[in-house]
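Student: Attaching a single structure in structure tokens format; questions to follow.
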Amino acid sequence: MLKYILQRLLYMIPVMFVISILIFVTIQLPPGDPISKMMENQRTQINVQFSEQDLEMMRARYGYGGPLHEQYIKWIGNILLHGDFGYSFYKREAAGKVIADLMPLTLVVSIGSFIFTWVVALPIGVLSAVRQYSIADHIFTFIGFIGLAIPNFLLALILLVLGLTMFQTSFTGLFSSGEIQQAPWSLAKVGDLLKHIWIPMIVIGMGGTAGLIRIMRANLLDELHKPYVEAARARGLSELRLLIKYPIRHAMNPFVSGFAYLLPSLVAGEAIVAIVMNLPTEGPVLLNALLNLDVFLGGGFLLILSLLTLVSTLLSDILLAWLDPRIRYGS
Amino acid sequence: MEKMSETLVEVKDLKIHFFTDEGVVRAVDGIDLDVKRGKTLALVGESGCGKSVACRSFLQIVHSPGRIVSGEILYTRKNENGQGEVVDIARLNPHGRRIRSIRGKEIAMIFQEPMTSLSPMYTVGNQITETIRLHTEATKQEAWQMAIDLLDKVDIPKPDRLVEEYPFRLSGGMRQRAMIAMALSCNPTMLIADEPTTALDVTTQANILDLMLDLQQQYHMTLLFITHDLGVVAEIADEVAVMYLGKIVEKSDVNTIFNEPKHPYTQALLRSIPKIAVTREELDPIKGMVPNPYRRPGGCPFHPRCAKAMAECRTVVPAVTQLNDNHTVQCLLYEDLVGEKAMEQAK
Ligand SMILES: Nc1ncnc2c1ncn2[C@@H]1O[C@H](COP(=O)(O)OP(=O)(O)O)[C@@H](O)[C@H]1O
Ligand SMILES: [Mg+2]
């Protein structure tokens, strides 16, 4: 098992290498020298004057002017050796700091939505399968289809309107006020976060939950009449113990492999919702960075998100191997 | 001698129907059976005739949309005082405590598919001890040791190693042995074996059969053996019931069935086994196919394939004819015979 994990970690290195090249090429695709362009943008927007010297310094630091592969090596070298993601012209601070500031809350929201998805989808999926075609199954199927069909930003808007008209409160943001958001972490701040986070959690997790309910239901329906379930029933196991030990355990596999895709898709799905709900997470910042050709911030974000995806794939594979001896034995 | 032939399970007019969207399938359509204590009853018939459904009802594990519609399954169990107590299994709640205390403990079952009847997620030992711990007071360690002993009993080499293996690492024969070990774990009164050797290769088949016969002696078990293979029947059965489309068309002891088969279906089945037919020309597969369960023929269900069918067979459902104490047949050919006999006796 340990060998397997080490092996998988080693595989991640070449994969990350290829991904980083792709990201670099993508962010360099727009024509022209991003540094001059940025400076130009800023000059027109806010009257800051950069001297020709400043520009030269920047160019030298990030390798502009040289061939593309040299620029790439500079970029990735700075990140790997110095943790320097470059300068965000749009945020006007180090890109690494912007990312580091936004990542924790982003992860909290994403993982929160993920847990919400699992906690809700698992029991409902099981119930829908075990009581197939019952009233509960029909109701959850109906709600599930609505959840799948409504884009989550629309759901966010609906909830915002409902919150304002019915409860006279705003469901936006993750904290009650800007001051709390800026304040250092304390118990009160965590409490405030918990009070606000559940709405974005539901909104972001909604689509995934609906999808996962369908998956769980279908998997379990497949499992319920498998010969080993029947054999265990014939040994005298009670229905509940039977259900938990055999069909649910077997049906968990696709559930767990979904883990790998869920985290990145939550992060992606979160972007639009975060804009609508004004969440202090990376989604809107990443979008703006890309729109404003803020290459270092955009590239840095993409790099971190890719790494997260790889890590979550690895986690889900380890979980699968732990859960299913067939995978451990490689059969 | 009398004591030996005491009835363990008596099935009376059992009907099990499947209520599907396409219609009602009468998978078991009014069968009578006597399972004698300590004996082997073989239930024979082509696939799809309702053997599995019938034997699953003994444990109340017929799955929906199937349901026991009517009839009785009278099981004589011994209570704590050693006295006989008759339970109608057909009346028990399928999820209830009473049937669960019978399943695996008093009546155990092994299935056709050794490859899929064990869950690949748990070790062999885990699944054997599950039964033991469920029905006895044994501790985890005791149960584990019992599992090893059981595996040894079913001739599995290195049982202490195998008990920790996952089922998918074993061959089909080994898995079926493990299934048998599991079935024996609570020393059941009766063992139901639903085509336990069908999925295995010929050599393994023979070994498993020998093992089962041997264990039946050792454990004094009653055996209900389901098969479509008359060759197997000849080897193990005391009594034989021949099933066709949900009905038991003929029933007798094994010698009578092989030497004096009465029902045209039994006769056709016997002609279709290579071992019994002497020459190639005699080998004669049954004509036609088992009919679609939704479009069951009227009258005698076998008439479309029957070589001796008469005009009446299309419309008249044959009744059970008692040829003698231990031989019944369900065929119009013999109804007259009994009538004549009765007339003769009356004279
Ligand atoms: N889930 C089901 N739905 C509908 N009909 C079924 C179902 N299971 C079994 N049957 C019917 O019961 C009949 C008998 O099946 P089975 O007992 O498995 O046959 P056998 O074991 O003799 O091969 C089949 O012909 C089939 O039509
Ligand atoms: Mg069968």
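Student: Being in the same structural domain as residue B:303 (by TED's automatic domain parsing) and without any contact (Cβ under 8 Å) to a residue 12 or more places away in the chain is the filter here, so list the residues in the stretch B:218-259 that pass it.
Tutor: Across the stretch B:218-259, the qualifying residues are B:255, B:259.
Student: Can you run down the residue pairs with Cβ atoms below 6 Å, 6 or more apart or on separate chains, where the first is in the stretch B:183-204 and among the acidic types (Asp, Glu) and the partner is assigned to a loop (DSSP other than H, G, I, E, B)?
Tutor: B:194/B:111; B:194/B:112; B:195/B:112
Student: Identify, from the list A:117, A:165, the residue that is in a helix (DSSP H, G or I), over 30 Å from residue A:260 (Cβ atoms) and at pLDDT 85 or above.
Tutor: One residue alone meets the criteria, A:165.
Student: Another question, if that's okay. Would you confirm whether or not the stretch B:174-189 contains a residue that is within 16 Å of ligand 2 (Cβ to nearest atom) and in contact with a Cys (Cβ under 9 Å, 6 or more places away or on another chain)?
Tutor: no
Student: Scan the stretch B:29-51 for residues that are of a type outside the set (D, E, K, R), assigned to a loop (DSSP other than H, G, I, E, B) and more than 13 Å from ligand 2 (Cβ to nearest atom) and jot them down.
Tutor: Within the stretch B:29-51, B:38 is the sole residue that qualifies.
Student: Which one is farthest from the other protein chains (Cβ to nearest Cβ), of the residues in the stretch B:59-83 that are touching a strand residue (DSSP E or B) at 6+ places or on another chain (Cβ under 9 Å) and either of a type in the set (Phe, Trp, Tyr) or closer than 16 Å to residue B:188 by Cα (or both)?
Tutor: Ranking the candidates gives B:76 first.
Student: Another question about this same structure. Just for the stretch B:186-201: of the residues that are away from ligand 1 (no atom under 16 Å from the Cβ) and of a type in the set (S, T, N, Q), which one is nearest to residue B:58 (Cα to Cα)?
Tutor: Ranking the candidates gives B:189 first.
Student: Of all residues being within 16 Å of ligand 2 (Cβ to nearest atom) and touching a Pro at 6+ places or on another chain (Cβ under 9 Å) in the stretch B:209-246, which is nearest to the other protein chains (Cβ to nearest Cβ)? Just the residue, please.
Tutor: Across the stretch B:209-246, the extreme among qualifying residues is B:226.
Conditions (1) within 14 Å of another protein chain (Cβ to nearest Cβ); (2) of a type outside the set (Val, Ile, Thr); (3) in contact with a strand residue (DSSP E or B) (Cβ under 9 Å, 6 or more places away or on another chain); (4) over 30 Å from residue A:169 (Cβ atoms), marked per residue:
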| residue | (1), (2), (3), (4) |
| --- | --- |
| A:290 | no, yes, no, yes |
| A:294 | no, yes, yes, yes |
| A:305 | no, yes, no, yes |
| A:310 | no, yes, no, yes |
| A:324 | yes, yes, no, yes |
| A:327 | yes, no, no, yes |
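Student: When you go through (1) away from ligand 2 (no atom under 16 Å from the Cβ); (2) of a type in the set (A, V, I, L, M, F, W, C); (3) under 17 Å from residue B:222 (Cα atoms); (4) within 19 Å of the chain's Cα centre (by Cα) one by one for residue B:86, which number turns out not to apply?
Tutor: (4)
Student: What is the one condition in (1) assigned to a loop (DSSP other than H, G, I, E, B); (2) within 16 Å of ligand 2 (Cβ to nearest atom); (3) under 22 Å from residue B:251 (Cα atoms) that residue B:54 does not satisfy?
Tutor: (1)
Student: Among the residues that make up the stretch A:173-186, is at least one of them part of a helix (DSSP H, G or I), in contact with a helix residue (DSSP H, G or I) (Cβ under 9 Å, 6 or more places away or on another chain) and over 30 Å from residue A:246 (Cα atoms)?
Tutor: yes
Student: Taking the stretch A:253-283 only, how many residues are assigned to a helix (DSSP H, G or I), over 30 Å from residue A:325 (Cα atoms) and either at pLDDT 80 or above or not charged (D, E, K, R) (or both)?
Tutor: The number of residues fulfilling the criteria is 12.
Student: Filter the stretch A:138-176 down to the residues that are small (Gly, Ala, Ser), over 20 Å from the mean Cα position of the chain (by Cα), surrounded by 13 or more Cβ atoms within 10 Å (Cβ to Cβ) and closer than 18 Å to residue A:121 by Cα and list them by number.
Tutor: A:144
Student: Of the residues that make up the stretch B:17-29, is at least one within 16 Å of ligand 1 (Cβ to nearest atom), in contact with an Asp or Glu (Cβ under 8 Å, 6 or more places away or on another chain) and hydroxyl-bearing (Ser, Thr, Tyr)?
Tutor: No.
Student: Among the candidates B:255, B:187, single out the residue that is under 26 Å from residue B:318 (Cα atoms) and surrounded by fewer than 23 Cβ atoms within 10 Å (Cβ to Cβ).
Tutor: Result of the check over B:255, B:187: B:255.
Results for (1) over 21 Å from the mean Cα position of the chain (by Cα); (2) crowded, with 17+ Cβ neighbours inside 10 Å; (3) not assigned by TED's automatic domain parsing to the domain that holds residue A:24, shown as yes or no for each residue.
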site: A:301; (1), (2), (3): no, yes, yes
site: A:305; (1), (2), (3): no, yes, yes
site: A:315; (1), (2), (3): no, no, yes
site: A:322; (1), (2), (3): yes, no, yes
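Student: Taking the conditions exactly as written (within 16 Å of ligand 1 (Cβ to nearest atom), small (Gly, Ala, Ser) and surrounded by fewer than 22 Cβ atoms within 10 Å (Cβ to Cβ)), does residue B:66 satisfy them or not?
Tutor: For residue B:66, the condition - within 16 Å of ligand 1 (Cβ to nearest atom), small (Gly, Ala, Ser) and surrounded by fewer than 22 Cβ atoms within 10 Å (Cβ to Cβ) - is met.
Per-residue answers, yes or no, for (1) surrounded by fewer than 21 Cβ atoms within 10 Å (Cβ to Cβ); (2) facing chain B (nearest Cβ under 10 Å):
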| position | (1), (2) |
| --- | --- |
| A:202 | yes, no |
| A:205 | no, no |
| A:209 | no, no |
| A:212 | no, no |
| A:222 | yes, no |
| A:225 | yes, yes |
| A:228 | no, yes |
| A:238 | yes, yes |
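Student: Out of the helices (runs of 4 or more DSSP H) lying entirely within the stretch B:208-276, which hold 2 or more residues that are within 16 Å of ligand 1 (Cβ to nearest atom)?
Tutor: So the answer is B:230-236, B:264-271.
Student: For residue B:88, indicate whether it is under 30 Å from residue B:271 (Cα atoms), acidic (Asp, Glu) and away from ligand 1 (no atom under 16 Å from the Cβ).
Tutor: When the stated conditions are applied, residue B:88 does not pass them.
Student: Do you know which of the residues in the stretch B:149-206 that are acidic (Asp, Glu) and within 13 Å of chain A (Cβ to nearest Cβ) is farthest from residue B:111 (Cα to Cα)?
Tutor: By that ranking, first place goes to B:164.
The values are calculated or read from the model by the stated rules, or taken from the named source; none is laboratory data. Small disclaimer: the values here were computed from a predicted structure and weren't measured. Here the Cβ is made from the backbone with ideal geometry for all residues, glycine too, and neighbour counts use every protein chain on show.
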